[in-house]
1. Which residue, of 35, 62, is at positive phi and more than 12 Å from the chain's Cα centre (by Cα)?
2. Of the conditions (1) in contact with a helix residue (DSSP H, G or I) (Cβ under 8 Å, 6 or more places away or on another chain); (2) at pLDDT below 85, residue 53 fails just one. Which one is it?
3. Name the residues in region 26-40 that are exposed (fewer than 12 other Cβ atoms within 10 Å of the Cβ) and farther than 16 Å from residue 96 by Cα, would you?
4. Being touching a strand residue (DSSP E or B) at 6+ places or on another chain (Cβ under 8 Å) and outside any helix (DSSP H, G or I) is the requirement here; does residue 96 meet it?
5. Which residue out of 43, 64, 23 is in contact with a helix residue (DSSP H, G or I) (Cβ under 8 Å, 6 or more places away or on another chain), exposed (fewer than 11 other Cβ atoms within 10 Å of the Cβ) and more than 18 Å from residue 99 (Cβ to Cβ)?
């Protein structure tokens, strides 16, 4: 599932653009974000070298960055919870370009 703090109109636009079929939960008070230590980042974390490199890669692929009216300082992350409710993977990003690899998430899924 995806958790966001965005309002419903933005979520509907995201679904239309990405065609995502996952369940999307709206966490307007950011309770889950805080619960998983995903706080607001510092300006240098959000607009650091890694972010600029990520934008440059997107530009090289012909994709222009989109304006976001959202709170761009809100750190995100990835949490993998198994059916028993056990957290198997927990990654808090240090900025928008800090994402775990799919391989790392899948490896955590395979762990007993």
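The values are calculated or read from the model by the stated rules, or taken from the named source; none is laboratory data. Predicted model, so just to flag it, every value in this text is computed and none were measured. Quick reminder, even Gly has a Cβ in these numbers, built from the backbone with ideal geometry, and neighbours come from all protein chains shown.
1. The match here is 62.
2. The number of the failed condition is (1).
3. 28, 29, 31, 34, 35
4. no
5. The unique qualifying residue is 64.
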